[in-house]
Amino acid sequence: MTGGGRVHDRAILDALESLEFQFIERAVWRVARRGRDPLRGAVANGRWNAVGEFEVLYSSLAAEGALAEVGHRLSLEPIWPSRIEHEIHTLKVRADRALVLSDLKQLEKLGVNITKYESFDYTATQAIAAAAHFLEFDALLVPSARYNVSNLVIFLDRLRTPPERINTDLVNWTEWRARMRR
């Protein structure tokens, strides 16, 4: 997929070009529906990708962060979906040019309304991601909107080394929900 003709905000491009990239090689966690390839990225509308622009792989630096992201979506249903099974995957990733935007103050300087970061208004974050993709970064390290951890958002078409699955476990949502209520 390509950028689809998006016009990038020059101020965002300038700000991102002035930042140093980092090399990241580590384990990350990703939750996916059972039977779905965990190395396949998202193309649906998301915080860090707009429909049809590019494919991203959402992951977290902590297993609880990955669970919180998907658990939040499931909790929005009128009744918890009990028949849908998910797996949590541990992946080994290597990003050669990761853009680190690990705190909300950095995002605010780029136009993100941090008081609404947890909302579903993705306009500013999608613009940042599109600009980072255009500038050929291969990943973004960003704050999770659902848990106190950073997420690694990977631009799959920019990675030189594809992610590798190193472990998979079935998610026990009943147990997770009980932990979250404590």
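Bear in mind that the values in this text are calculations on the coordinates, not laboratory data. Bear in mind that the values here come from a model prediction, so they are computed numbers and not experimental data. Positions of Cβ are backbone-derived with ideal geometry, glycine not excepted, and every protein chain shown enters the neighbour counts.
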Quiz item: Quick one: how many residues across the range 115-140 are surrounded by 15 or more Cβ atoms within 10 Å (Cβ to Cβ) and either in contact with an Asp or Glu (Cβ under 7 Å, 6 or more places away or on another chain) or not hydroxyl-bearing (Ser, Thr, Tyr) (or both)?
Solution: 15
Practice problem: Identify all residues within the range 148-182 that are part of a strand (DSSP E or B) and surrounded by 13 or more Cβ atoms within 10 Å (Cβ to Cβ); write none if there are none. | Solution: SER150, ASN151, LEU152, VAL153, ILE154, PHE155, ARG165, THR168
Quiz item: In the range 102-134, which residue that is touching a helix residue (DSSP H, G or I) at 6+ places or on another chain (Cβ under 6 Å) and either in a loop (DSSP other than H, G, I, E, B) or of a type in the set (D, E, K, R) (or both) is nearest to ARG34 (Cα to Cα)?
Solution: VAL112
Quiz item: Would the range 59-66 turn up any residue that is among the small types (Gly, Ala, Ser), surrounded by 13 or more Cβ atoms within 10 Å (Cβ to Cβ) and under 17 Å from ALA131 (Cα atoms)?
Solution: no
Quiz item: Quick one: is ALA145 buried (at least 18 other Cβ atoms within 10 Å of the Cβ) and within 27 Å of GLU20 (Cβ to Cβ)?
Solution: no
Practice problem: Name every residue in the range 1-52 that is among the β-branched types (Val, Ile, Thr), within 20 Å of VAL100 (Cα to Cα) and in contact with a strand residue (DSSP E or B) (Cβ under 9 Å, 6 or more places away or on another chain), in order of residue number. | Solution: ILE24, VAL28
